[in-house]
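Scroll down for the structure; my scribbles are underneath it.
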Amino acid sequence: VQLQASGGGLVQAGGSLRLSCAASGRTFSSYTVGWFRQAPGKEREFVAAITWSGGFTYYADSVKGRFTISRDNAKNWLYLQMNNVKAEDTAVYYCAARSTRVVATAATGYGYWGQGTLVTVSS
């Protein structure tokens, strides 16, 4: 599967932004997918993941209650709705996929990555 993230940009603290990730391939619905982010000088960290059916979602504690992950298997899209953003959410955001139905929160568990989209939150 090939992934392409989009939707990043400059947003004020407290505002909202929606990231999208377009996936190619007929078997997108069989992949577990997620979002990771990497701030300057920091390691890539888990943000959220969603199971193949969309029935279960997982979030990092730092974004729980503010971000929502969703997917549209019919159209091969993955989304991350970001609400009440904070300055510490500033990072390059990556969508990722793994070809199993078991969710992972470690970046090493994902074999497919999009190119990243930059989110900058101004305070």
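The values are calculated or read from the model by the stated rules, or taken from the named source; none is laboratory data. Here the structure is a predicted model, which means the values were calculated and not measured. Cβ: placed from backbone, ideal geometry, glycine included. Neighbour counts: every protein chain shown. Keep in mind that these areas ignore ligands, DNA and RNA; they rest on the heavy atoms of the full protein, side chains included. Shrake-Rupley method; radii C 1.70, N 1.55, O 1.52, S 1.80 Å.
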In percent, how large is the relative contact order of the chain, given Cα pairs closer than 8 Å and 6 or more residues apart? 37
Checking the cross-link filter: which lysines have an alpha carbon closer than 28 Å to that of residue 75, excluding same-chain neighbours under 8 positions apart? 64
Using the Kirkwood formula on the Cα atoms of the range 46-97, what hydrodynamic radius do you get, in angstrom to one decimal? 11.8
Which ³J(HN,Hα) values, rounded to whole Hz and listed in residue order, are derived for the range 103-114 from phi using the Karplus coefficients 6.51, -1.76 and 1.60 in 6.51 cos²θ - 1.76 cosθ + 1.60 with θ = phi - 60°, glycine and proline given as x? 6, 10, 10, 8, 4, 5, x, 10, x, 10, 9, x
Checking the range 1-44 for trypsin sites (Lys or Arg not before Pro) in a loop per DSSP with at most 14 other beta-carbon atoms within 10 Å yields 26, 42
Share of the chain's accessible area from carbon and sulfur, percent, 1.4 Å? 49
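How long are the three semi-axes of the equivalent ellipsoid of the range 1-64, in whole Å, if each is the root of 5 times an eigenvalue of the C-alpha gyration tensor, listed from largest down?
Working: eigenvalues 102, 45, 33 Å².
Taking √(5λ) for each eigenvalue gives 23, 15, 13 Å, largest first.
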Got a sec to turn the phi values of the range 65-76 into Karplus ³J(HN,Hα) couplings, 6.51 cos²θ - 1.76 cosθ + 1.60 with θ = phi - 60°, whole Hz, x for Gly and Pro? x, 10, 10, 9, 9, 8, 9, 10, 5, 5, 10, 6
Please state the charge dipole magnitude for the chain, taken about the Cα centre, from unit charges on C-beta atoms (+1 on K and R, -1 on D and E), reported in debye and rounded to the nearest 20. 260
Near-label residues of the range 14-51 by backbone N, under 19 Å of a point 7 Å along Cα→Cβ of residue 113: 20-24, 32-50
With every protein chain left in place and a probe of 1.4 Å, what is the accessible surface of residue 56, to the nearest 10 Å²? 130
Can you compute the label reach from residue 120? Point 7 Å from Cα along the Cβ direction, backbone N cut-off under 14 Å, restricted to the range 17-61. 40
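How much accessible area per residue does the range 47-123 have, counting only protein heavy atoms and a probe of 1.4 Å, in square angstrom?
Per-residue value: 49 Å².
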